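One structure below.
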Amino acid sequence: MSQIPVELVKILIALVAVAAFVGLNGLVLVYLERKVAGHIQRRPGPFEVGPHGLLQPLADAVKLIGKQLFTPKNADGFLFWLAPILSFMPVLLLFLPLPFGPKLTGMNLNLGLLLILAFSGLNVLATCLAGWGSNNKYGILGAARAVSQSVAYEIPLLLSVLAIAFQTGSLNLSEVVAGQGSWPWQWNFMVQPLAFIIFFVSALGETNRAPFDLAEAESELTAGFHTEYSGMGFGMFFLAEYANMIVVCSVAVALFLGGWNGPFFDGAWWFLAKVYVLLLVMIWLRWTFPRVRFDQLLNLNWKWLMPLALLNLLITAFVTKLS
Amino acid sequence: MTAIKKIWDNVSGLWSLVVGLKITGKAFMDKQVTLHYPRETVSDSQLEGFRGPLELVGKPKVPASPKCIACMMCVSACPSGCISITKAKAPKPTEAELQAMKEAEERGEKVVKPKAPKEPTKFMYDFSLCSLCGSCVENCAVGAIRFSDNVYFASTDRNAFKMDLLYRLEVKGQRQEQAKAESAPQEPEKSTKEG
């Protein structure tokens, strides 16, 4: 029995905790999203299941689990069912290097940031496979859009992250957080406001959130890449989307907003509070802005975010070299 | 110059994003406009301009009998043919009356034959066909027809939408009179929420 390495057990526990965290957050976010959407449109949102509709996400989950899993005719069965798993599984891994609290980190990695950026790329592949495998014109269009969008938005995202890495000289998220102070003016956001904005906009593009949800685009492509998915096939994509939102918000908080540092009491609660504020902003954006056109989406990326991120990176490099 | 202007346009366009966020943010904080139906119902002021299924207007003094003069304008104006009216027929004179009229005519007197009263005997309305366009209401010469404020009218039976408006008016008139007799105007429980 003593042969089992401690590190492995630790990772296993962390993964289980992360899975629980993702599931719970999925429920909370579904509720939050629908409530915020409702209130922005001046209606109550879910209200009937449980007090103030609190049990609505549970009812939704039960419905999704209970539904028949259906493979469309002539679809590539293997790829079709590989895609939702491939989209959800790596997400769990993304939570490992996130510093939730001073000691609350799944795995303290030197290259934590790199791990997150590398494995989040798998989501694009999953989307692509889902669209391709379902033998559906809307699916393939959605997948094509998702790929060109994600490839494009990954670049400014990486560049803005690099600016922080240059400045702090570390790819370890825990170290980056520890380097920031308790008060808002000591956070990296104050030094790198442009990088923060670029990161946030690119993160919206990366997670296929409105106004950049061209891969789903209900009004144009029915549901885009997940048109043919029923039940938990769709549920996995759905969960993955929300989990990805949490990951990008967590990374933004760790890099720019001081992570678990906060006035008076440092700790995981500050981290969670900040993440949820960012998530709320994301939801708020979704219910405010209309979807951009595809050429606008790519123009915004290549003509604005990319050059600005490069400029920001150059200036950061100069300043860090000089100081 | 144009390049600078273009950049400025883009930058100032960013402000419109903030404006949009302000609008939705305000809406988020504002009071909701929807009702929780089974627990709350619509108030009278919220029903202003609401187009429910048609109803007949009663005479001001006799609310149970309709203002309608059976001119059939609404029937010909209706694009979906959902109104059907049967006119009242002239009362058939009895044998004795006929005899009397004949005699009078022979005497060279002027005879007034009984005319058909200007009122409908049947006013049927099929709500399932009605598109609530309001042509009948506009075309009515005497203002005898209007939209009701019957918001919560629903049924699983098609026949429930074929309504005898005369009968409904009668029932309504009776109810009004009853309420008047009790001298306590009891409107069915409405307006739990003013908006």
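The values are calculated or read from the model by the stated rules, or taken from the named source; none is laboratory data. On a predicted model such as this, the values are computed, not experimentally measured, just so you know. Positions of Cβ are backbone-derived with ideal geometry, glycine not excepted, and every protein chain shown enters the neighbour counts. The area values use the complete protein model at the heavy-atom level, side chains included, leaving out ligands, DNA and RNA. Shrake-Rupley method; radii C 1.70, N 1.55, O 1.52, S 1.80 Å.
Whole Å is fine, so just give me how far the alpha carbon centre of segment A:238-289 lies from that of segment A:294-319.
Value for the Cα centre distance between the two parts: 23 Å.
Across peptide A:36-42, what mean number of C-beta atoms from other chains lies inside 10 Å of a residue's C-beta?
Details: counts 2, 1, 3, 6, 8, 6, 7.
The per-residue average across the peptide is 5.
For segment B:2-50 and segment B:120-182, write down the distance between their C-alpha centroids in whole Å.
Answer, in whole Å: 38.
Sorted by packing (mean other beta-carbon atoms within 10 Å per residue), highest first, where do B:9-20, A:289-300 land?
A:289-300, B:9-20
Radius of gyration and Dmax for segment B:57-195's Cα atoms, expressed in Å?
Rg then Dmax for segment B:57-195, in Å: 20.3, 73.
Multiply the residue separation of B:Val171 and B:Lys115 by 0.36 nm, subtract the distance between their alpha-carbon atoms, and state the gained length in nm to one decimal.
Working: separation 56, 0.36 × 56 = 20.16 nm, distance 2.81 nm.
That works out to 17.3 nm of additional length.
Measure out, as a whole number of angstrom, how far apart the alpha-carbon centroids of segment A:165-222 and segment A:76-139 sit.
Centre-to-centre distance over Cα atoms comes out at 18 Å.
Which lysines, on any chain, are close to B:Lys172 with Cα under 26 Å apart, when same-chain ones fewer than 8 places away are left out?
Of all the lysines, those that pass the test against B:Lys172 - Cα under 26 Å, at least 8 places apart if same chain - are B:Lys59, B:Lys61, B:Lys67, B:Lys87, B:Lys89, B:Lys118, B:Lys122, B:Lys162, B:Lys180, B:Lys190, B:Lys193.
Return the lysines within reach of A:Lys303: Cα separation strictly under 21 angstrom, same-chain partners fewer than 8 residues apart disregarded; answer none if there are no such residues.
Result set, ordered by chain and number: B:Lys5, B:Lys6.
What number comes out for accessible area per residue over chain A if the probe is 1.4 Å? Units Å², please. Don't skip to the end; give the middle numbers.
Working: 15040 Å² over 323 residues.
Normalised by residue count, the accessible surface of chain A is 47 Å².
Between helix B:2-29 and chain B, what is the angle of the helix's C-alpha long axis to the longest principal axis, kept within 0 to 90° and rounded to the nearest 10?
Orientation of helix B:2-29: about 60 degrees from the principal axis.
Spelling out what I want: for every residue of segment B:165-182, take phi, set θ = phi - 60°, compute 6.51 cos²θ - 1.76 cosθ + 1.60 (Karplus), and round to whole Hz; glycine and proline get x.
After applying 6.51 cos²θ - 1.76 cosθ + 1.60, I find 5, 4, 4, 4, 4, 4, 4, 5, x, 4, 5, 4, 5, 4, 4, 5, 4, 6 Hz.
What does the charge count near A:Gly258 come to, summing +1 for each Lys or Arg and -1 for each Asp or Glu among other residues with Cβ under 10 Å from its Cβ?
Details: positive: A:Lys274; negative: A:Asp266.
Net of charged neighbours comes to 0.
Cα axis of helix A:56-66 to longest principal axis of chain A: angle in degrees, 0 to 90, nearest 10?
Taking the Cα atoms of chain A, the angle to A:56-66 is about 60 degrees.
Given a 1.4 angstrom probe, I'd like the percentage of the accessible area of segment B:10-50 that is carbon and sulfur, rounded to a whole number. Please list the in-between numbers first.
Numbers: 1900 of 2910 Å².
Whole-percent figure for carbon plus sulfur exposure: 65.
Quick check: at a probe of 1.4 Å, how many percent of the accessible area of chain A sits on carbon and sulfur atoms?
Working: 10990 of 15040 Å².
Answer for chain A: carbon and sulfur cover 73 percent of the accessible area.
Based on the Kirkwood radius over alpha-carbon pairs, what value in µm²/s does the Stokes-Einstein equation return for the translational diffusion coefficient of the protein assembly as shown at 4 °C and 1.567 mPa s?
45 µm²/s
Using a cut-off of 17 Å between alpha-carbon atoms, which aspartates and glutamates can reach A:Lys137, once sequence neighbours fewer than 8 places away in the same chain are excluded?
A:Asp76, A:Glu216, A:Glu218, A:Glu220, A:Glu228
Quick one: which residues, 5+ away or cross-chain, put their amide H under 5 Å from the amide H of B:Lys162? H built at 1.01 Å from N.
Amide H to amide H, under 5 Å and 5 or more residues apart or across chains, B:Lys162 pairs with B:Phe127.
If you take the beta carbon distance between A:Leu314 and A:Ile155 as r and set R0 to 22 Å, what does 1/(1 + (r/R0)^6) give as a FRET efficiency, to the nearest 0.05?
The value I calculate is 0.90.
Could you compute the FRET efficiency for A:Val277 and B:Asp157, with r as their C-beta to C-beta distance and R0 at 60 Å, rounded to 0.05? Display every interim value, and only then the final one.
On the way: r = 53 Å, r/R0 = 0.88.
With a Förster radius of 60 Å, E is 0.70.
Using 0.36 nm times the number of residues separating B:Val57 and B:Ile7, minus their current alpha carbon distance, what extension gain do you get? Each step should come with its number before you reach the end.
On the way: separation 50, 0.36 × 50 = 18.00 nm, distance 6.47 nm.
Here the segment from B:Val57 to B:Ile7 would lengthen by 11.5 nm.
Convert each backbone phi in segment A:119-135 into a coupling constant with the Karplus relation 6.51 cos²θ - 1.76 cosθ + 1.60 (shift: θ = phi - 60°), then list the ³J(HN,Hα) values in order as whole Hz, x for Gly and Pro.
6, 5, x, 5, 4, 4, 4, 4, 4, 4, 5, 4, x, 6, x, 8, 6
Please check which bits of segment B:51-88 a label hung off B:Asp164 would reach, taking the label as a point 7 Å along Cα-to-C-beta and the cut-off as backbone N under 20 Å.
The answer is B:53-59, B:63-70, B:82-88.
Quick check: from the Cα gyration tensor, does segment A:67-164 come out rounded (a/c under 1.5), prolate or oblate? List each step's numbers first, then the result.
Numbers: a/c = 3.90, a/b = 1.75, b/c = 2.22.
Taking the square roots of the gyration eigenvalues as a ≥ b ≥ c, segment A:67-164 is oblate.
Please turn the phi angles of segment B:117-124 into ³J(HN,Hα) values with the Karplus equation 6.51 cos²θ - 1.76 cosθ + 1.60 (θ = phi - 60°), one per residue in order, whole Hz, x for glycine and proline.
Taking θ as phi minus 60°, the curve returns x, 7, 7, x, 9, 8, 9, 9 Hz for segment B:117-124.
Helix A:231-256 against the longest principal axis of chain A: what's the angle in degrees, Cα atoms only, rounded to the nearest 10?
Around 10 degrees separate the two axes.
What does the net charge come to around A:Asn25 if you take all other residues with beta carbon closer than 14 Å to its beta carbon, with K and R at +1 and D and E at -1? Could the numbers behind the result be given before it?
Numbers: positive: none; negative: A:Glu33, A:Glu241.
Charge balance near A:Asn25 sits at -2.
Quick one: which residues, 5 or more positions from B:Lys87 or on another chain, have an amide H under 5 Å from its amide H? H modelled 1.01 Å from N in the peptide plane, none for Pro or chain starts.
Counting only residues 5 or more places away or on other chains, the set is B:Thr121.
Report the residue, chosen from A:Phe271, A:Phe78, A:Phe238, that carries the largest GNM mean-square fluctuation when chain A is represented by alpha-carbon nodes joined by springs under 10 Å.
Top of the fluctuation ranking is A:Phe78.
Using a 1.4 Å probe on protein heavy atoms, which residues of segment A:263-295 have at least 30 Å² less accessible area in the complex than alone?
A:Trp284, A:Thr288, A:Phe289
How high is the relative contact order of segment A:201-323, in percent, counting Cα pairs under 8 Å that sit 6 or more residues apart? Each step should come with its number before you reach the end.
On the way: 77 pairs, mean separation 33.4, N = 123.
Taking the mean separation of contacting Cα pairs over the length of segment A:201-323, I get 27 percent.
Counting other Cβ atoms within 10 Å, keep those with at most 12, restrict to DSSP loop, and tell me which GluC sites (Glu not before Pro) in segment B:105-160 are left. Please list the in-between numbers first.
Details: sites: B:Glu105, B:Glu106, B:Glu109, B:Glu138; in loops: B:Glu109.
Answer by residue number: B:Glu109.
Using a 1.4 Å probe on protein heavy atoms only, how many Å² of accessible area do B and A hide from each other, summed over both chains and rounded to 100?
Between B and A, the summed buried area is about 1400 Å².
Report, by chain and number, residues whose modeled amide H sits under 5 Å from the one on B:Leu54, excluding near sequence neighbours (fewer than 5 apart, same chain).
Under 5 Å from the amide H of B:Leu54 lie the amide H atoms of B:Ser148, each far enough along the sequence or on another chain.
With a Förster radius of 25 Å, plug the Cβ-Cβ distance of A:Glu7 and A:Gln186 into 1/(1 + (r/R0)^6) and report the FRET value to the nearest 0.05. Present the calculation step by step, with values, prior to reporting the outcome.
Numbers: r = 33 Å, r/R0 = 1.33.
Plugging the Cβ-Cβ distance into 1/(1 + (r/R0)^6) gives 0.15.
How big is segment A:213-314 in terms of Cα radius of gyration and Dmax, in angstroms?
Cα only, segment A:213-314: 17.2, 50 Å (Rg, Dmax).
For segment B:31-184, what is the accessible area per residue in Å² when the probe is 1.4 Å? Working shown, then result.
Details: 10420 Å² over 154 residues.
Normalised by residue count, the accessible surface of segment B:31-184 is 68 Å².
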